[in-house]
Amino acid sequence: MLTPYLAFAKKSFLNRSAYRFNHFMGILNTILRIFIFWGIYKALYGDRSEVDGITMTMVTTNFILSICLEAVFCVNDFYLPDRINSGSIANELLLPISFPGRMLADNLGNAVFKLIYHFVPALIVSVLIMGIQAPAGIPMLLLFILSALLGYGVLWTISFAVQMCSFWLINVWSIVTIKNVFVNVLSGSMIPLWFMPDWMSGVLELLPFSSIYFTPVQIYLGQLSYGEIAVKCAIQVVWIGVIYLIGTLLWEKGKRKLVVQGG
Amino acid sequence: MISFEKVSKFILSEVSIHIPAGVTTGVIGVTGSGKTTLLKLACGLLQPERGSVYTLGREATIPSGRQTKLLPKELGVLFAHLPLLQPEESVRSNFQSRGLIYRMPKERFWREYHRLSERLGFAEFQQEKVQTLSLGQRRRAELGAVLLHQPKLLLLDEPTVGLDQNAKEALRSLLEEREADGLTTVITSHDMSDIAAVCGRIAVLNQGRLYAYGSRELLLKKYAPVDVMQLTLRSGVPNLEDLPVKSYAADNDKWMLIYDSNHITSAEILRTILTTCSVQEVSIHKPDLEDVLMRIEQEKTEVTEEQGKT
């Protein structure tokens, strides 16, 4: 018998496949974004083959991989807020299953669906039209996959912690928007950290946002030595642990608020 | 099974009650008397400000960590104002999710699912999304959902709201069957006839205090012992001198007698009347739980007025 969490991930996967129009629009959106970024960077580079040692191919590889990963790393930021607003959270707390576990299973089912049906077609179209740099060897490709998984973990835990604010706020839309802006701008997916001043990229590389997309892309491009990869992956693991701990503390405090104040 | 020891929370004040296993208990009281708060305390959704609540032998609290596998498996909870099923999913899909959550073996799940869907009558709309259902349809499905995993303790808050007579009857017979298997149920309802039909015990809440607790018969004897007998006489005039009748009224051949059933039975009154009269028709109105509540409200008003005078 499938464990409940695996079964929920499967259910989430199947639910997504029911909305075909939404699915095609999602692929179109990803491809359109890639084309827009391509146009912007082509205009910025002009006739130059590289800027500060960064080639157009490296930049193209960065935004294609980042945008394709973004399509997969689509976390439902309103899983908990919706349940708090409807009041159903009370009933869910009485179920013999971990609520955060169920939340993760639901998101993972969605991620696997997006990986197969968004990531792969968008990547194929992009590679055929724009071309990307090949991975710096099989070991780097495998380490890229490992780092991308950890990057998903970082993004999920950030969303998990942000959603906990809904225990105290009526509407978390603004906080979720701020979180998304931070992720988009500081993760290096829109503007690679290579183009940031040294002091800023030094700071950003320590923040959790850059470890979502930029670290896996750096590994893919072979810009990091094995030692540096180990450090970067350790940073990812530490951020997952720290943010998850914060989220769990808020979760316990939020539950306490529910049982003391009655919602 | 459920034990409250001097529990205070919101309007509830110093409530102590013990609900034994295998009994169906009804909680009645006017709106705002603390019925839903009592149920939320019993399942751990609320923590008491003072006192302690024990359910199924453990302190009632929202489970976390390893506890998630203990208490909730034995518990079935339905609150009238809290959605139980995922609105964007079909009834059947919701049940399948619950089967997974409660780790029910497939065979047992489908057996229970088909049994409940037929008994409660949600088989015909099982493929529809919950958000498209009427209140009555949704309530049928929700009742099935809380009974699915065969809990040991069932807490139902206003379970009959929106149900038609057939569904009420189906619920009543299901609860009776499960009670025979040892299920403990606590029900709140604003409809006293629902409570009276299924509950062996009744708890009366009044302004957050446990006003009375016992069998239905005991409560009626204590708080509403007044029976009303209506007679249509064919001939004669009844001699009421030796009877402990509280009051009576007569309109030609129609008589109405009000008496305390703790002091004299209807049969004794009728036997006395038949010695002097010939009776064409007789009807006796027995009080119900609604009368108990009215009597309690009346007592409360009297006490308030008394306090106002002093």
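Tabulated results
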{"quantity": "Counting DSSP beta bridges with both ends in chain B, the antiparallel % (nearest 5)", "calculated": "70"}
{"quantity": "Cα→Cβ-extended label distance, 7 Å offset, between A:Val231 and B:Asp164, nm", "calculated": "7.3"}
{"quantity": "Percentage relative contact order, the range A:82-197, counting C-alpha pairs under 8 Å, at least six apart", "calculated": "19"}
{"quantity": "Reachable lysines, given that their alpha-carbon falls under 26 Å from the alpha-carbon of A:Lys232 and they are not under 8 places away in the same chain", "calculated": "A:Lys114, A:Lys179"}
{"quantity": "Sites matching trypsin sites (Lys or Arg not before Pro) across the range A:19-108 that sit in DSSP coil, with at most 14 neighbouring C-beta atoms within 10 Å", "calculated": "A:Arg48"}
{"quantity": "Inter-probe distance in nm under a simple model that places probes 7 Å from Cα toward Cβ, at B:Lys254 and A:Ile138", "calculated": "10.1"}
{"quantity": "Nonlocal amide H pairs with B:Ala212, under 5 Å, H built at 1.01 Å", "calculated": "B:Val204"}
{"quantity": "Value in Å of the Kirkwood radius, where the range A:3-257 supplies the Cα pairs that are averaged", "calculated": "19.3"}
{"quantity": "Partner chain coverage, peptide B:35-48 - average Cβ within 10 angstrom", "calculated": "3"}
{"quantity": "Protection proxy ranking, peptides A:66-79, B:219-232, A:148-161, A:192-205, average beta carbon neighbours within 10 Å, highest first", "calculated": "A:148-161, A:66-79, B:219-232, A:192-205"}
{"quantity": "Antiparallel bridges, percent of DSSP beta bridges restricted to the protein assembly as shown (to nearest 5)", "calculated": "70"}
{"quantity": "Three-way shape label, chain B, alpha-carbon gyration tensor, a/c 1.5", "calculated": "prolate"}
{"quantity": "Given charges at Cβ of Lys, Arg, Asp, Glu: the range A:3-257 dipole, positive-most of A:His118, A:Leu6, A:Gly188", "calculated": "A:Leu6"}
{"quantity": "Per residue convex hull volume, Cα atoms of the protein assembly as shown, in Å³", "calculated": "209"}
{"quantity": "Residue-averaged 222 nm ellipticity for chain B, from DSSP H runs of 4+ at -39500 (n - 2.57), nearest 500", "calculated": "-11000 deg cm²/dmol"}
{"quantity": "Where labels lie 7 Å past Cα in the beta-carbon direction, separation of B:Gln131 and B:Thr310 in nm", "calculated": "5.9"}
{"quantity": "Span from the the range A:216-260 Cα centroid across to the the range A:1-29 one, whole angstrom", "calculated": "25"}
{"quantity": "Order of B:Leu84, A:Leu258 - criterion: other Cβ atoms within 10 Å of each residue's Cβ, fewest first", "calculated": "A:Leu258, B:Leu84"}
{"quantity": "Full-stretch length increase - A:Asn85, A:Val242 - with 0.36 nm per residue and alpha-carbon distance subtracted", "calculated": "53.8 nm"}
{"quantity": "Residues A:Lys114, B:Lys246, sorted so that the one with the fewest Cβ neighbours within 10 Å comes first", "calculated": "B:Lys246, A:Lys114"}
{"quantity": "Relative pair counts by distance (%), Cα atoms of the range B:99-254, 10 Å bins", "calculated": "8, 29, 24, 16, 12, 7, 3, 0"}
{"quantity": "Pairs beyond 29 Å (Cα-Cα), from B:Lys9/B:Lys300; B:Lys73/B:Lys129; B:Lys168/B:Lys221; A:Lys253/B:Lys129; B:Lys6/B:Lys300", "calculated": "A:Lys253/B:Lys129"}
{"quantity": "Rounded, prolate or oblate (a/c below 1.5 giving rounded, otherwise prolate when a/b exceeds b/c) for the range B:165-310 by Cα gyration tensor", "calculated": "oblate"}
{"quantity": "Sum of side-chain charges, B:His190 neighbourhood, beta-carbon under 13 Å (Lys, Arg +1; Asp, Glu -1)", "calculated": "-4"}
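Quick note: the coordinates plus some simple rules give every number you see, no bench work behind them. None of the values given here were measured: they were computed from a predicted structure. Note that we place each Cβ from the backbone using ideal geometry, even for glycine, and neighbour counts take in every protein chain shown.
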